[in-house]
Amino acid sequence: PKRRHSPPSPFPHRRRRRSRRAEESFQAATMVNVPKTKKTYCKNKECKKHTLHKVTQYKKGKDSLSAQGKRRYDRKQSGYGGQTKPVFHKKVWH
């Protein structure tokens with residue numbers, strides 16, 4: 001089958017290819033092996049030995065609007081003046 005090429009960009013200097021290292025790290029980040037079970041000690045009266053336990057990952061709970069830090073942040077943000085605290089943007093490998 002013939003490969004279709006996209007039309008040439010009017011801005012060739014803006015065209016950016018992701019490096020091989022960036023592609024590999026991106027793929028590695030999406031495929032993480034997390035064990036489904038773990039052998040650990042069971043404190044139950046019947047067990048009292050190491051047995052297989054199911055392992056799950058918990059999601060972060062919803063942030064409380066009444067937490068002291070959130071109230072302080074909202075008060076600081078209110079009014080004019082834009083963003084008052086640094087916003088973390090993860091650095092991306094290009």
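For each pair in LYS36/LYS60; LYS38/LYS60; LYS39/LYS59; LYS70/LYS90; LYS39/LYS62, compute the distance between the two Cα atoms and list the pairs where it is over 25 Å.
The answer is LYS39/LYS62.
Run the simple label-point estimate for ALA67 and THR37 please: 7 Å along Cα→C-beta, distance reported in nm.
So the label points at ALA67 and THR37 sit 3.6 nm apart.
If you take all C-alpha pairs in the stretch 48-94, what percent of them are over 15 Å apart?
72
Each value in this text was obtained by applying a stated rule to the coordinates, not by laboratory testing. Being a predicted model, the structure only gives us computed values, none of them experimental. Every residue, glycine among them, receives a Cβ derived from its backbone with ideal geometry; neighbour counts consider all protein chains shown.
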